[in-house]
1. Considering only residues that are in contact with a strand residue (DSSP E or B) (Cβ under 8 Å, 6 or more places away or on another chain) and of a type in the set (Val, Ile, Thr), look in segment 139-177 and name the one that is surrounded by the fewest Cβ atoms within 10 Å (Cβ to Cβ).
2. Looking at Arg46, Arg50, which one is touching a residue at least 12 places away in the same chain (Cβ under 8 Å), part of a loop (DSSP other than H, G, I, E, B) and within 16 Å of the chain's Cα centre (by Cα)?
3. Read through the list (1) over 23 Å from Ala51 (Cα atoms); (2) surrounded by 11 or more Cβ atoms within 10 Å (Cβ to Cβ), then give the number of the only condition that Glu98 fails.
4. State all residues of segment 1-36 that are in contact (Cβ under 8 Å) with a residue 40 or more places away in the chain and over 19 Å from the mean Cα position of the chain (by Cα); if no residue qualifies, say none.
5. Quick one: is Gly191 part of a loop (DSSP other than H, G, I, E, B) and not assigned by TED's automatic domain parsing to the domain that holds Arg71?
6. Does segment 53-72 include one or more residues that are closer than 21 Å to Arg182 by Cβ, part of a loop (DSSP other than H, G, I, E, B) and not assigned by TED's automatic domain parsing to the domain that holds Gln183?
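The values are calculated or read from the model by the stated rules, or taken from the named source; none is laboratory data. This structure is a prediction, so every number in the text was calculated from the model and none was measured. Every residue, glycine among them, receives a Cβ derived from its backbone with ideal geometry; neighbour counts consider all protein chains shown.
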Amino acid sequence: VSTCATCDGAFYRDKVVLVVGGGDSACGEALHLTHFASDVHMIVRRDELRASQIMQERVLSHPKITMHWRRAVEEWVPKSGDDDILGGAWLGSTSGTEIRELLDVDGGFLAIGHVPQTKFLGASGLEERVAMDAEGYVQTRGSDPEVWAAHRQDGWGTHEGTTLTTLPGLLACGDVVDKRYRQAITAAGMGCAAALDAEEWLNR
């Protein structure tokens with residue numbers, strides 16, 4: 001079971017996979033997987049997709065994608081004889097009925113949204129001093145220069161690093177900032193940038 005079709009899709013060439021979710025992320029994952037998998041099943045809790053119209057049209061018209069409306073994965077089933085390999089998933093109904101079906105799949109992909117782990121800022125009393133967007137992503141000088149400039153507090157001086165938050169001395173990188181790529185390699189790159197920004201800050 002994976003959360004990244006870009007990372008793991010190639011492992012499922014000519015195999016059957018399922019994608020859990022109904023938004024743009026799920027549709028994007030499903031479409032990407034069609035380049036590798038023989039069949040892609042989308043498990044959607046509602047009776048419609050929440051994705052943009054263009055993404056809906058692409059998914060619903062794709063011959064490799066099968067929709068399962070008002071369904072949810074209740075249990076992952078290991079392959080017979082090997083508990084470390086996925087063999088299927090039990091699907092239950094979200095409409096109040098007791099319908100249950102076993103879907104044979106070789107891989108599962110979760111695409112039901114991402115939540116940045118930034119609640120600790122509120123618990124630390126820093127929430128009002130660190131600019132964040134409505135979804136909880138930290139706003140840095142690199143991610144949103146205008147918001148950063150409007151809310152920055154005195155203390156950074158002429159520092160021009162991209163990982164600076166609005167609170168002098170606090171840097172942010174990785175998935176608490178990046179809502180677009182969400183890849184280990186991009187997070188590592190941002191971490192390197194943050195280290196260099198920290199070094200410059202400490203040397204001032």
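1. Result: Val176.
2. Numbers: Arg46 fails: within 16 Å of the chain's Cα centre (by Cα).
Testing whether each residue is touching a residue at least 12 places away in the same chain (Cβ under 8 Å), part of a loop (DSSP other than H, G, I, E, B) and within 16 Å of the chain's Cα centre (by Cα) leaves just Arg50.
3. (2)
4. Result: Phe11, Tyr12, Lys15, Val16.
5. On the way: part of a loop (DSSP other than H, G, I, E, B): no; not assigned by TED's automatic domain parsing to the domain that holds Arg71: yes.
So Gly191 fails the test.
6. no
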